[in-house]
Structure formats: C-alpha cells, structure tokens
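Here's the structure, in structure tokens; my notes come after.
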Amino acid sequence: MQQLRDNQTKRILRKSIYGITGLCLAGLIACAGGGGVIPSAGGPKKPVKPTPAESQLKLPAGFTATTVVENFGRTRHLAVAPNGAIFVKLAKLKDGKGIYRLQDTDGDGKADKITGFGSFPGTGMAIRDGYLYASSDEEVFRYKLDGDNNVVNPDQPQRIVTGLLSRHEHEPKAITLDYSGNLYVNIGAYSNACQLVDRTKGSPGQMPCPILDSAGGIWQFKADQTDQTYGDDRRYATGLRNVVGFDWNKTTNTLFVMQHGRDQLHDLFPQYWDTKQSAELPAECMYELHKGSNCGYPYIFYDEFQHKQVLGPEYGGDGKMDPKEKYQDPVVAFPGHLAPDGLLFYTGSQFPEKYRNGAFIAFHGSWNRAPEPQAGYFVVFQPFADGKPSGKWEVFADNFSGGPDKTASGRVDYRPCGLAQGPDGSLYVTDDTKGTIWKISYKHG
C-alpha cells in the first residue's frame, strides 16, 4: 500500500512539472510569435555555446559570427536602430505578423525581447529620421519611432506609396532612402526579356517594351507624403530588370543598385550560347544611378567576358553584336546568376580600414546554371576608393550553403539576403530559407 501511494505521488509530481514546463514553453512561443516579450532568465549567465548556424560560416581572420535568431521564418531585409534594436521584414507572415523587432537585452548576442506587428509580408525595411519604413509587394508604409526606438502606433502606419505593380514575377519591392527626404522603390519587370510570350523559344522581344512604363526601374517618392503612386516625374531610372539590393552611398551622394540579369540564353537561343556560356552570362551588374539613368533592359545585357554591352537576342542580337543605342555601363560586373539580394556601403569603424566605405553584397545564389554547378550563396566585399570601385571583389562570408556539394546542387542550408550595419559597426546578414540572422563582428588586436 505504501509503495502504491509513493507511485501515485511520483505521478502527481511529474504531471505538475510537465504542466509548468508546458506553460512556460507555450508562453515563450506566444511571446515570440504574437507580439509579446520574451523575458531574459535571471541568475548567473552561462557561456553561450556556438550554434551550428554561426560556427558554419567561414570568415576572414579576426571576424566572428553570432546568431541573433534561428528558424524565424523568411527573413528578408532588415534595419538596425541607433540603440541596436533590429527590425526585420518577413516574406511570409509569422503568427500573423510581417515585421519583428528583435533586441538583445542581456548582452549575449541573442535576441531575447521580440515583438511582432504589421499584417503584411514583403521585403523592404529601412530607418531614417525617426521613422521605420517597410514595404509589401504593392505598398510602402512608415511607422513613427519613439526615443527608445519602439513603434509608436504599430496598428496604424502611414501609407507612403500605394498601387505599385505586382505581377507574381520579381514582385518584391526593395526600398532605400537618401538624405534629402526621398524614398526609392524598385519595381521589378514581370518578364525575363519582354518577349511577346514570356520565356518562349522563338517569341520576339517587344519594341518598345511596354513593361517599362510601370516596372523595370527605380521610382522616387517623397519620404513624408502619403498615398503617392505612379507618375512620369517619379521614375528615377529605367532599364533595370530587377533590383533587390540597393543602397544610398553617402560618399558620392548617389544611388547604387545591383541588377539581376536575364535567364535562359541557351534554352531560348541554343544557336548562339552553349550551356556553359548560358550559366555564366549575363553579368550581375552594379550600377551608379542618377536621375534619368537608362541601363538598357531588355534591349541589351552586359557580357563580362567581352567587357561590353551586347544586343539582346530577342532584338536581333547574336551574342557579339553591339546595340545601336548606347546605354549606361555598370561600375562592376559580377558572375552571372548569383542573385544579388543585399547591398550595403560600410561606414562603421569596427572593421579594419580596408572596409571603410566599401560595398558588401549578399548573393542569394543561383537556380539556373544546370547542367553546370550552381554558385553563389555568399557575401562578398567590393573595395571602393574615392567613391569608385577599386580592385577586385573578394568573398567575405562563405559556406552559407553547407559545403561544395550543396552549393553545386543548389540544395543549400542558407541563402543570404538582407544586410544592415549596427551602431557598433557590426554587420547583420539575414537568410530567407530558415530564418537565421547573423551578427558579424571584428575583434581588434
């Protein structure tokens, strides 16, 4: 009888412990996903063991990576407030929220205070002059921030831009701002090369391309006016197939963008390009833009091996023919199909001097190099001097894929997407496959 009572007591204790644990876990999940706060644990801190995500990255000597969050959803672009709070945009809603504010309150590098808001998915995220800007695929909103960089009214943002085209190809609206009160929005072309029938062998290119009236370029809006939409006076630059990574360069006071080049040269025109050439062409291009810039899409593309613009095959080109009209040249040409999704000019002082005012670019990685190996899935650094690219670019953060075999197959662990600089000069990188955010820091000495 005593043994029976002891067994019953043990079962009751186990149920109590499991019940308390379940409530704690449920509370943590609710806090993480539904806009509440995840509290930091009390008591003495234990050393934080590296997670697989942060120990996987390969970085130059002196640099280390810490994971801010993991498995957080499709994290796209992000912005870091002056107090270190991170705002990240999700391409797919997480527990009904499309924006999350992440903060590390105990100094271990991990986000432990997490708040969600915004009922729309998207890509763009930026902070300027006390406001947080965020985009959906059709609109841009802004939220007022208070002195602690909390959103003042998360349920009632101002709608700055509305009515932008979203045709289910190149639909993400990346955004950036200058320092004169202007907002820039990419509107990607809803086509590969503006053929009469998209991605169809033998279909000619349209001349002029009707897409360019409302897509295939960068549009400029006022950062503080509501409900702006299309207008001829708002188009800043044209002839850009799709831009996801772009940033305002404070040194030159100009806009720099990374274009996604066209696809399927061999598939559509095997008489001019073999599979290897099609895997490497055209270049992924960095452009420095000014009002009225025209980079030539869809009529031309840039061949990094011939170092020139060539006429697009849909418009009579054969891979060697020069276009009749000259368009703006890129300032840097990178290998084809690497998918540049993030661009950041580094202005901090934490990293060594060589990185000052240079460009970091997050390459999301290719999908269409087969039968050649896939490529990309890294963050590169392009040095700049006096506001111009200077010297060869180099891989800065690598092994997001998980190894050479995973890179070659395209079945990778992580795909870098967004870049941001923290107030201490650290570099933040997002992954939109599993939802990881890394903080990359440099230790002097």
Checking G84, G124 in turn, the sole residue that is over 16 Å from the mean Cα position of the chain (by Cα), at pLDDT 95 or above and in the same structural domain as D398 (by TED's automatic domain parsing) turns out to be G84
Scan (1) within 17 Å of the chain's Cα centre (by Cα); (2) exposed (fewer than 14 other Cβ atoms within 10 Å of the Cβ) for the single condition V380 breaks and write down its number. (2)
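Conditions (1) part of a loop (DSSP other than H, G, I, E, B); (2) modelled with pLDDT of 95 or more, marked per residue:
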site	(1), (2)
K354	no, yes
F360	no, yes
W367	yes, no
A397	no, yes
G402	yes, yes
D405	no, yes
R411	yes, yes
G418	no, yes
When the range 67-103 is examined, which residues are found to be of a type in the set (A, V, I, L, M, F, W, C), more than 19 Å from A126 (Cα to Cα) and part of a loop (DSSP other than H, G, I, E, B)? F72
Return the residue satisfying two criteria in turn: it lies in the range 266-282 and is in contact with a Phe, Trp or Tyr (Cβ under 8 Å, 6 or more places away or on another chain) and in contact (Cβ under 8 Å) with a residue 40 or more places away in the chain, and of such residues it is farthest from M321 (Cα to Cα). E280
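Quick grid of which residues meet (1) in contact with a Lys or Arg (Cβ under 8 Å, 6 or more places away or on another chain); (2) within 19 Å of L177 (Cα to Cα); (3) in a loop (DSSP other than H, G, I, E, B):
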residue: E54; (1), (2), (3): no, no, no
residue: A65; (1), (2), (3): yes, no, no
residue: T105; (1), (2), (3): yes, no, yes
residue: I127; (1), (2), (3): no, yes, no
residue: Y133; (1), (2), (3): yes, yes, no
residue: G147; (1), (2), (3): no, no, yes
Assess whether Y297 counts as being under 17 Å from Y236 (Cβ atoms), in contact (Cβ under 8 Å) with a residue 60 or more places away in the chain, touching a Cys at 6+ places or on another chain (Cβ under 7 Å) and among the hydroxyl-bearing types (S, T, Y). no
Taking the criterion of being aliphatic (A, V, I, L, M) and either closer than 16 Å to H260 by Cα or over 22 Å from the mean Cα position of the chain (by Cα) (or both), would at least one residue in the range 155-172 satisfy it? no
Scanning the range 297-342 for residues that are under 30 Å from D431 (Cα atoms) and among the aromatic types (F, W, Y), which turns out surrounded by the fewest Cβ atoms within 10 Å (Cβ to Cβ)? F334
Filter the range 172-197 down to residues that are free of Cβ contacts under 8 Å to residues at least 12 places away in the same chain and either farther than 19 Å from L255 by Cα or outside the structural domain of R74 (by TED's automatic domain parsing) (or both), then give me how many there are. 2
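Per-residue answers, yes or no, for (1) surrounded by 14 or more Cβ atoms within 10 Å (Cβ to Cβ); (2) under 30 Å from G376 (Cβ atoms); (3) not acidic (D, E):
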position	(1), (2), (3)
F221	yes, no, yes
D233	no, no, no
N242	yes, yes, yes
D247	yes, yes, no
G261	yes, yes, yes
Of the residues that make up the range 393-405, is at least one touching a residue at least 24 places away in the same chain (Cβ under 8 Å), crowded, with 23+ Cβ neighbours inside 10 Å and within 27 Å of T275 (Cβ to Cβ)? yes
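The values are calculated or read from the model by the stated rules, or taken from the named source; none is laboratory data. All of these numbers come straight from a predicted model, not from anything done at the bench. Because the Cβ atoms are built from the backbone with ideal geometry, glycine has one as well, and the counts that use them run over all protein chains shown.
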